[in-house]
Amino acid sequence: MKRRIGQKIFLSGVVVSFLFITGVFSVQAREKTVILATTTSTQDSGLLDVLLPIFEKETGYFVKTIAVGSGQAMAMGEKGEADVLLVHSPEAEKKFMAEGYGINRRLVMHNDFIIVGPPGDPGKIKGAKSCVESFKKIASAKALFFSRGDHSGTDVKEKAIWEAAGINPEGEKWYRETGLGMGQTLNVAAEKKGITLTDRGTYLALKKNLGLDILVEGDAVLLNIYHVIEVSPGKWPRVNSAGAKAFAGFMVSKETQGVIKTFGVDKFGSPLFFPDAGKKDEELGEKIITKFQAPKSK
């Protein structure tokens, strides 16, 4: 009987030790995992496929990427479900910061939005300099238009252009919301021969299989700016603030900015993003759009 009791005590000790060790490893794994909530464009363009292995090798962190629209990414941050954000919806970001959900919002890079569609140009907008006038023509022609409809940075930009044009397209038969990311929405537009607003990076990465042309580009309104934001540990003490800080610092580092500067050049003849670390949003200005030229086809 004593022996059995001794065995039970011994086994209990083993169980406690096992649970303790398991808990330690669990905590360590959590501390080395960084949850990144980001817009689909950084994923679909292939940029993160290049950057994340470098970050993980240099720091020992593992990045769990959740690619959604910027609005959904910030919603995750508001709930403490992400450690760091890489997003491109400036007005929503400012609100996120003002409400105390984020810290250390820093400029990372920019590219631009473009309007793409089938070569037949159903809205007769090709070459137009104003995206607002282009949207008016699309509505007038009732040309099939695909919206992401997912509260992403791209979706917010698109809705703002419709508003500036004085048009509410929701409910119109020619206006379709996909509820999908940028890459998937481009594929739907290609399949249905419709028009859509996209960031240039994702379009260039997928262009080969789309059969969609750039119809409108170069309007200052189409500037697309990306920031990295650490989720506030003051709001959510359990976020991996050290990992978030390491990732944010990595994104604005000289080395990473150098990678961003050349990403896409060899394949498309033009970078998909332009590095901006250390600058202020105002410095980009309206004239920045003039640098965008339709890349040479290869």
Taking Rh as the Kirkwood radius computed over alpha-carbon pairs of region 171-250 and applying Stokes-Einstein at 20 °C with viscosity 1.002 mPa s, one gets a diffusion coefficient in µm² s⁻¹ of 135
Flagged as over-length at 30 Å C-alpha distance, from K126/K173; K124/K159; K32/K157; K95/K245; K64/K192; K157/K193, the pairs are K32/K157; K64/K192
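Run the dipole for region 103-157 about the Cα centre, Lys and Arg Cβ at +1, Asp and Glu Cβ at -1, nothing else charged, and hand back the magnitude in debye, nearest 20. Don't jump to the answer; show the numbers that get you there.
Numbers: 10 positive and 5 negative charges, 27 e Å.
Here region 103-157 has a charge dipole of around 140 debye.
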With +1 on the Cβ of every Lys and Arg and -1 on the Cβ of every Asp and Glu, the dipole magnitude of the chain about its Cα centre, in debye rounded to the nearest 20, is 1000
For region 112-222, averaging the sequence separation of alpha carbon pairs under 8 Å that lie six or more residues apart and dividing by its residue count, the contact order in percent is 48
In Å³ per residue, the alpha-carbon convex hull of the chain encloses 172
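At 0.36 nm per residue, and after removing the present C-alpha to C-alpha distance, how many nm does the segment from E170 to K142 gain when stretched out fully?
Contour length minus Cα-Cα distance gives 8.8 nm.
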For region 157-298, the dipole about the Cα centre with charges only on Cβ (Lys and Arg +1, Asp and Glu -1), to the nearest 20 debye, works out at 500
Sites removed, the longest contiguous part of the chain containing no DSSP-loop GluC sites (Glu not before Pro) with at most 16 other Cβ within 10 Å is 173-298
Cα extents of region 112-222 per principal axis, largest first, Å, are 34, 28, 25
Taking the dipole of the chain about the Cα centre (Lys, Arg +1; Asp, Glu -1; charges at Cβ), the one of A73, T196, G211 that reaches farthest to the positive side is A73
The local net charge around V228, scoring Lys/Arg +1 and Asp/Glu -1 for residues other than V228 whose Cβ lies under 13 Å from its Cβ, equals -1
Counting Lys and Arg as +1 and Asp and Glu as -1 over every other residue whose Cβ sits under 12 Å from the Cβ of A73, the net charge comes to -4
Taking only the alpha carbons of region 140-298, the radius of gyration and the largest Cα-Cα distance, Dmax, both in angstrom, are 18.0, 53
Among Q43, V63, G264, the residue whose Cα sits farthest towards the positive end of the charge dipole of the chain, when +1 is placed on the Cβ of each Lys and Arg and -1 on the Cβ of each Asp and Glu, is V63
Using alpha carbon positions and the Kirkwood radius, the Rg to Rh ratio of region 213-261 is 1.19
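None of the figures in this text is laboratory data; all of them are computed from the coordinates on show. Worth saying up front: this structure is predicted, and the values here are computed from it rather than measured. Because the Cβ atoms are built from the backbone with ideal geometry, glycine has one as well, and the counts that use them run over all protein chains shown.
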